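Quick notes on the structure that follows.
The values are calculated or read from the model by the stated rules, or taken from the named source; none is laboratory data. Note that the structure is a prediction, hence the values are computed from the model and not measured. As a convention, Cβ positions derive from the backbone with ideal geometry for all residues, glycine included, and neighbour counts pool all protein chains shown.
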Amino acid sequence: MSSRTTYPVYESRSGWNSLLPARTAKTNSVIENKYDFIVIGAGYTGLAAGRRLAELNGSASILVLEASVVGEGSSARNSGFVIALPHNTNMSGHISPAEVAKKQIRVYDSGLRWLKGLVDQYHIDCGWNPQGKYHGAATAEGALSLQNTASQYDKWGVEYQEISQAQLSERLGTRYYRFAIQTNSNVFIQPAALVRGLADTLPTNVTLVENCPVLSVEQGRERGVRTAQGLIRGDKIIVANNGFARKLGFLKDRMFTIFTYAAITPELDPEQLALHGSEPEWGLIPANRMGTTLRKIQNNRFMVRSAYSYEKPQTEKTVLALLEDCYRRRYPAVKSHRFEHLWGGATALTRNGATYFGEISPNLYASVGCNGAGVLKGTCYGKLLAELMVGQKTQELADVLAMDKPNWLPPEPLRGAAVKTAIYLQKRKAGAER
Ligand SMILES: Cc1cc2nc3c(=O)[nH]c(=O)nc-3n(C[C@H](O)[C@H](O)[C@H](O)COP(=O)(O)OP(=O)(O)OC[C@H]3O[C@@H](n4cnc5c(N)ncnc54)[C@H](O)[C@@H]3O)c2cc1C
C-alpha cells in the first residue's frame, strides 16, 4: 500500500473481492469533454451521489471517476457492518446529545431503506443479513464503557439486549468477552459484492470510468478535473474520495488518514466452524475503539480486523502476526490460526468525529471524513449531497447540514505526534480489547 499519490494504492487485494468471481472493470467508456456533474471516487459515497443525481435529473450527464477498480477501494476492504447507529458513542467527540443522535438515526434509517431497495431491485447478491451486531467487552473497563453506551441508547430510544458471558460463550464459541450489548440496527454484507453491485447498476446517464485517477481539480473559468487523459470539464464537482481529498488540496486541516487491517480464514470444516459458536453468522465490534472486530461469515469463514497506523500502512508481516495473535487469544482451541486473505485499508478520521458535508466553494461539494463507519453514512450522505446540489429542501438535509463540521487540526509535525500519541495511549488503555 502507498499513499504518496493523489489516490490510494494497495499492495494486497481486498480479501472480500478475491472471494468473488472476476469482474470486468469499466475502463473503456468514451469520456466526453464536458459533464454536468463529475464525481471523484466510486466508493459508497460517490456511487450514492452519482446515482441520486441521475434519479433526480434523468437528462443530466454524470461522470464518476475511480482511481482504482470498484471492489478494491476501502468500500470493499471493510468488515461489512452496515451500522445504522451513531458509532463509537464513547469516543471523545462522538458523544452526541440525544436530539442529534435521534436525527442521525432517522437519516440512517431512511438511507438503509434506500440501500435495501436498491439491493432488492437489482438483485445484488451481497449476503444482506439484517442480523444485528454484538458490541463486546473483554475487560472491566470495556464493560463500563458499554454500560455508558447502553445508557445513551436508553436516551435515544434504541432497543438493545444485554448478553452475559455464558450466552456469548455459547453463541460465539469464546469466553473471551465478559459482556456484550446486542442491537438490531445493523446489517451484515459482503462489502465487495455490495459496492460492485451498486457500481454495475448505475442509471444510464451515469458514466463510470475505473483506473482513472483525478490528479487535480481546476476551479477557474475552465472548471473540471485533470486526469492522465487531460482536462474533463464539469459544471459541478463532487469530492467523494474520503481522506484522499486532502491530496487534491481540500480540507487538509480537517482530516487525517489511518490504516486498519483485516484477514479472512480459509473455509473451515464443520468441526472447526462449530468452535466459532452456534450462530450461523454473527459479528462483534469492540468496546474500545482500538479493539478487535470479529465476524463469522456466510461461507464458513471467519474474519478478524484490528490495529491502526497513522497515514502509513504497517508491514504485512507485522499485521499478520498481530491478527493471528488476536484470533488465537480468542479461539485457543482452533487448530490453525492461518488466514487465506490479509489486507489493509485507509479510512479518514476527524478530530471531533464529524463528517465534512456540503459546499466547499461555488459548484464544488464534498462528503468526506467518514470516521470509520462509512458504509451506511457514505451512502446516506452521498445521496443527500446530490439532493443538496439540485436544490432539494428536506428535513433530513436540513438536519445533516446543521450537524457539526470537522474541527481544525494542527499542521505536521504536531498533528502526527498528537495522533500517534493518542493511538499509543489508547492501545495501552485497550489492553485485552485488542
Ligand atoms: C479494514 C476496515 C474495516 C472497516 N469496517 C467498516 C465496517 O464494518 N462498517 C463501516 O461502515 N465502515 C467500515 N470501514 C470504513 C469504510 O470502509 C469507509 O467508511 C467507507 O469505505 C467510506 O466510503 P467512501 O465512499 O466515503 O470512501 P472510499 O470507500 O474510500 O471510496 C473513495 C474512493 O475514491 C477513490 N479515490 C481516491 N482518490 C481518488 C482520486 N484522486 N481520483 C479518483 N478516485 C479516487 C478510491 O480509490 C476509493 O475507491 C472500515 C474500513 C477499513 C479499512
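The C-beta contact set for the range 41-68 (first residue under 12 Å from Val206 (Cα atoms) and touching a residue at least 24 places away in the same chain (Cβ under 8 Å), second residue of a type in the set (Lys, Arg) and surrounded by fewer than 24 Cβ atoms within 10 Å (Cβ to Cβ), distance under 9 angstrom, 6+ apart or interchain) comprises Leu53/Lys236; Ser61/Lys34. Residues in the range 398-418 that are crowded, with 18+ Cβ neighbours inside 10 Å, out of contact with any Gly (no Cβ under 7 Å at 6 or more places or on another chain) and within 24 Å of Ser75 (Cα to Cα): Val400 only.
Has the range 34-42 got at least one residue that is closer than 26 Å to Pro313 by Cα, out of contact with any Pro (no Cβ under 6 Å at 6 or more places or on another chain) and either in a loop (DSSP other than H, G, I, E, B) or among the polar types (S, T, N, Q) (or both)? Steps first, answer last, please.
Residues of the range 34-42 that are closer than 26 Å to Pro313 by Cα, as a first pass: 40-42.
Next cut, out of contact with any Pro (no Cβ under 6 Å at 6 or more places or on another chain) only: 40-42.
In the following step, the residues that additionally are either in a loop (DSSP other than H, G, I, E, B) or among the polar types (S, T, N, Q) (or both) were identified as 41-42.
Yes; the residues of the range 34-42 include at least one that is closer than 26 Å to Pro313 by Cα, out of contact with any Pro (no Cβ under 6 Å at 6 or more places or on another chain) and either in a loop (DSSP other than H, G, I, E, B) or among the polar types (S, T, N, Q) (or both).
Residues of the range 1-48 that are closer than 18 Å to Ala240 by Cα, of a type in the set (A, V, I, L, M, F, W, C) and buried (at least 19 other Cβ atoms within 10 Å of the Cβ): Phe37, Ile38, Val39, Ile40, Ala42, Leu47, Ala48. Pairing residues of the range 258-274 that are farther than 28 Å from Arg289 by Cα with residues that are more than 10 Å from the ligand (Cβ to nearest atom) and modelled with pLDDT of 95 or more, at Cβ distances under 7 Å and at least 6 apart in sequence or on separate chains, gives Glu267/Asn300; Glu267/Arg301; Leu268/Asn300; Leu268/Arg301; Leu268/Phe302; Gln272/Val334; Gln272/Lys335. A residue that is at pLDDT 95 or above, closer than 30 Å to Glu32 by Cβ and small (Gly, Ala, Ser) can be found somewhere in the range 75-98. Given the condition modelled with pLDDT of 95 or more and in contact with a His (Cβ under 8 Å, 6 or more places away or on another chain), answer yes or no: does some residue in the range 152-173 qualify? Within the range 152-173, one or more residues are modelled with pLDDT of 95 or more and in contact with a His (Cβ under 8 Å, 6 or more places away or on another chain). One residue stands out in the range 206-216 among those that are near the ligand (Cβ under 9 Å from one of its atoms) and aliphatic (A, V, I, L, M): the one that is farthest from Ser75 (Cα to Cα), namely Leu215.
Total residues in the range 236-256 satisfying the condition of being surrounded by fewer than 20 Cβ atoms within 10 Å (Cβ to Cβ) and either of a type in the set (Asp, Glu) or in contact with a helix residue (DSSP H, G or I) (Cβ under 8 Å, 6 or more places away or on another chain) (or both): the figure is 2. For the range 331-346, the condition holds for no residue, the condition being that it is within 24 Å of Gly431 (Cβ to Cβ), surrounded by fewer than 18 Cβ atoms within 10 Å (Cβ to Cβ) and among the hydroxyl-bearing types (Ser, Thr, Tyr). Annotation note: of Arg233, Arg196, Arg223, the sole residue that is away from the ligand (no atom under 11 Å from the Cβ), surrounded by 19 or more Cβ atoms within 10 Å (Cβ to Cβ) and over 25 Å from the mean Cα position of the chain (by Cα) is Arg223.
Residues are listed down the side, and each one gets a yes or a no for (1) closer than 15 Å to Ser185 by Cβ; (2) of a type outside the set (Ser, Thr, Tyr); (3) crowded, with 20+ Cβ neighbours inside 10 Å:
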position	(1), (2), (3)
Leu118	no, yes, no
Pro130	yes, yes, no
Ala138	no, yes, yes
Gln147	no, yes, no
Asp154	yes, yes, no
Glu159	yes, yes, no
Ser164	no, no, no
Gln167	no, yes, no
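Residues in the range 310-323 that are surrounded by 15 or more Cβ atoms within 10 Å (Cβ to Cβ) and free of Cβ contacts under 8 Å to residues at least 60 places away in the same chain: Gln314, Val319, Leu320.
Asp125 falls short of the stated requirement of being within 29 Å of Glu387 (Cβ to Cβ) and out of contact with any helix residue (DSSP H, G or I) (no Cβ under 8 Å at 6 or more places or on another chain).
Annotation: Lys34 fulfils all but one of (1) away from the ligand (no atom under 15 Å from the Cβ); (2) at pLDDT below 95; (3) among the basic types (Lys, Arg); the unmet one is (2).
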